[in-house]
There are 2 protein chains.
Amino acid sequence: MSRTTRQRSALAELLARTPEFRSAQQIHAMLGEEGEPVSLATVYRNLNALAENGEVDVLATEGGESRYRRCVRTEHHHHLVCRRCGHTVEVAETSVERWAAQTARRHGFSEVSHEIELHGICDTCRSGS
Amino acid sequence: MSRTTRQRSALAELLARTPEFRSAQQIHAMLGEEGEPVSLATVYRNLNALAENGEVDVLATEGGESRYRRCVRTEHHHHLVCRRCGHTVEVAETSVERWAAQTARRHGFSEVSHEIELHGICDTCRSGS
DNA sequence: TTGATTGCAAAGTGTTTGCAACTAG
DNA sequence: CTAGTTGCAAACACTTTGCAATCAA
């Protein structure tokens, strides 16, 4: 019921080494550049399947676009992104996780997940320009 | 530079008495049913203007659809959203703000802003199904 | 062989935009 | 009067789907 195709392997391989969220379109482009062309429709079909299976996380963006990332079950972390150059630092914090869980419980919510993104201007950009 | 039109008043009035997030399409339909027809384009244009002005909150949903609601709190706050029904609670927390600022500084970032969204299943939905 | 999977192009979303007509101030 | 607004329809961006060709098992 589930076959191993070139397209699927290429997608899985790309996701495996991409820690950040990427849109389906970005993934489609990246695969093409790497000489592993996969049609956009197939990218969508497989990402949706993976998402349903809980193997990738999906994030809705303001632009009405979905972004996908392999599910990192082990260590949860967040991103600190430079507005200007895109430089990204991964930060892990347990106090926030605890706050999120508590807040949710206090309001009667269960199965809580949270997305946090910090944006700023990094050191280099501030001195540089 | 900003005029008071029938359409704008109708929209403002509707938002004023609607506490939950609604999509632009829903708002468009509601206005029509109330005998205050406003074109979809105008609904979008005005909602975007209000959002830019900080008078309504915008929320991106999984379906790639934006939902709007009049801004209740004036202070900075975050959202706790039910994945299933969209029921939303606004939460304010200072500890997180502090954490964000500290973390950013520690990594040499300045002018930091942060976006946080909590997602879960609300009480009603859990008991319901 | 044969049913799952793919690519293509067409169709579907939700949202934005160009433009002529309209209207509040 | 006249610049801000509106409605319409066309344009957009992202995503899904029908279908015939392809390919893993």
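The values are calculated or read from the model by the stated rules, or taken from the named source; none is laboratory data. Just so we're clear, the structure is a prediction, and the values are computed from it rather than from any experiment. Positions of Cβ are backbone-derived with ideal geometry, glycine not excepted, and every protein chain shown enters the neighbour counts. Side chains are part of the model used for accessible areas, which takes the heavy atoms of the whole protein and leaves out ligands, DNA and RNA. Shrake-Rupley method; radii C 1.70, N 1.55, O 1.52, S 1.80 Å.
Numerical summary
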| read-out | value |
| --- | --- |
| Other protein chain Cβ atoms within 10 Å, averaged over every residue that makes up A:97-109 | 6 |
| Kirkwood Rh, angstrom, the protein assembly as shown [1 / mean 1/r, Cα pairs] | 20.8 |
| Chain B: calculated mean residue ellipticity at 222 nm from DSSP helix runs of at least 4, using -39500 (n - 2.57) | -12500 deg cm²/dmol |
| Rounded percent of accessible protein surface that carbon and sulfur make up, chain B, 1.4 Å probe | 48 |
| Angstrom value of the Kirkwood radius, inverse mean 1/r, which spans all Cα pairs in chain B | 16.7 |
| Calculated label separations, B:Pro37, copies of the chain, 7 Å along the beta-carbon direction, nm | 4.9 |
| Per DSSP, loop trypsin sites (Lys or Arg not before Pro) in segment A:1-72 with at most 12 further Cβ within 10 Å | A:Arg3, A:Arg17 |
| Accessible area per residue, Å², chain B with all protein chains present, probe 1.4 Å | 57 |
| Nearest 10 degrees, 0 to 90: helix B:24-33 Cα axis against chain B principal axis | 30 |
| Ellipsoid equivalent to segment A:1-56 - semi-axes via the Cα gyration tensor, in Å | 16, 14, 11 |
| Cβ crowding within 10 Å averaged over residues, with A:32-38, A:46-52 ranked highest first | A:46-52, A:32-38 |
| Shielding of B:49-61 by partner chains, average beta-carbon count, 10 Å | 1 |
| For B:Thr124, label point 7 Å along C-beta direction: distances to other copies, nm | 4.9 |
